[in-house]
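The values are calculated or read from the model by the stated rules, or taken from the named source; none is laboratory data. In this text the structure is predicted, and so the values were computed from the model without any measurement. Every residue, glycine as well, gets a Cβ built from its backbone with ideal geometry; the counts of neighbours run over all protein chains shown. What goes into the accessible areas is simple: the full protein's heavy atoms, side chains included, and nothing from ligands, DNA or RNA. Shrake-Rupley method; radii C 1.70, N 1.55, O 1.52, S 1.80 Å.
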Amino acid sequence: MRQYETTFIVAPALPDGEIKKAVKNYKDLLTKEGCEIVHVDEIGLKQLAYSIKKHNSGVYFTIEYKTETGEIIDKLELAFRRDERILRFLSVKLDKYGIKYNEDKRAGIIDERKNKLAAERAKERAEQDAKNKAKKAANKKSSKKKPAPKPKPESTVEVPADVAVAEPTVEVPADVAKTVEVPADVAKEPTVEVPADVAKTVEVPADVAKTVEVPADVAKTVEVPADVAKAEEAVETVDTAADIAEEVSLDMDILGDLTDSDNNKG
Amino acid sequence: MAVQRQRRAGRTSREDIKFLSNPNIGNNRKKYCRFRKYGIKHIDYKDPDFLLQFINEQGKLLPRRITGNSLKYQRKIATAVKRARHLAMLPYVADLLK
């Protein structure tokens, strides 16, 4: 005995009793052919995902039946095709899992299991998220140490650029500034240019020799040349240095905040 | 001035990236076949809500590399979705399905 299931859609806009009559008609046809009807499931009126024969909704039915041979299916489907009330039909042979599934569904086990599974999955997901968060936080801590030492070596490179400020030619520091200023991106840019510019500035020290104090102040500040270039006029380097020192410390604060907030988040 | 702008741009973009990027991007959740894991043997084509998990917004089947299904059950999903489409429980073509 093979078990089959046939799902079909009946047009919804039929006079009273017509739909039931149609279903009974097919049930009778099956029993007459010697099939054993296992179950008739009335799924009911449903919205169609797309219109069929100008109908936007349909009444769904499923008949489960057992038969020795599959010959009945040809007859049944021929009847469906001839019937104008039927919008769609689909016959499927059930394997042992399908039979089990349908039995469970009738007993209400499937819905129960579905809810349980959903709850289980949600729980598992939450657990894994928590795990990932912990891992991320651990990574953040280790990576936090890295960015701090970076700016230091760069500051030593920049000192000559500041030295150049003493000179009337403002263009040179501007060039140098470009290459030096964006500390994060420095790695991308060809750093080969820097020494070339710096080489020019190295000649200067004769003038600079007077102001020995300047580099000491500047050494702290990473971004001095940009502001100096903007000013173009004779600027008191000490003031800008002080301002920038503030800025730099601010930047550091921001970084700290970011990492902290990230830690909290992730 | 150009230098100034460049610096500003560099700084803002750095922060923006922090906030615009997907915070879950580092969490690679391990995928698994739910049918194998939970012992689901039969996939019902009359359950469009369940099948909705395996199709995208356009009603197309999602690949295995996203759903994590094993081949055996991905094939069953595919046939179930196709049957559901035939019965107008799922659309053949759609937009903003979810």
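If the condition is being in contact (Cβ under 8 Å) with a residue 60 or more places away in the chain and either polar (S, T, N, Q) or away from every other protein chain (no Cβ under 13 Å) (or both), then region A:51-68 contributes A:Tyr65, A:Lys66, A:Thr67, A:Glu68. Among residues of region A:105-128 that are at the interface with another protein chain (Cβ under 8 Å from one of its Cβ atoms), those with a Cβ under 9 angstrom from a residue that is surrounded by fewer than 11 Cβ atoms within 10 Å (Cβ to Cβ), sequence gap 6+ or separate chain, pair up as A:Gln128/B:Lys30.
Among the residues of region A:69-82, the ones that are within 19 Å of A:Lys21 (Cβ to Cβ) and either open to solvent by less than 20 Å² (accessible area, probe 1.4 Å) or within 14 Å of chain B (Cβ to nearest Cβ) (or both) come to 2 in all.
When the residues of region B:49-98 are filtered to those that are within 8 Å of chain A (Cβ to nearest Cβ) and in contact (Cβ under 8 Å) with a residue 40 or more places away in the chain, the one that is nearest to A:Thr7 (Cα to Cα) is B:Leu87. Being aliphatic (A, V, I, L, M) and under 22 Å from B:Pro91 (Cβ atoms) holds for only one residue in A:Leu87, A:Leu76, A:Leu14, and it is A:Leu87.
Restricting A:Lys100, A:Lys93 to residues that are at pLDDT 85 or above, within 13 Å of chain B (Cβ to nearest Cβ) and surrounded by fewer than 12 Cβ atoms within 10 Å (Cβ to Cβ) narrows the list to A:Lys93. Before we move on, is A:Lys66 out of contact with any strand residue (DSSP E or B) (no Cβ under 6 Å at 6 or more places or on another chain) and open to solvent by 30 Å² or more (accessible area, probe 1.4 Å)? No.
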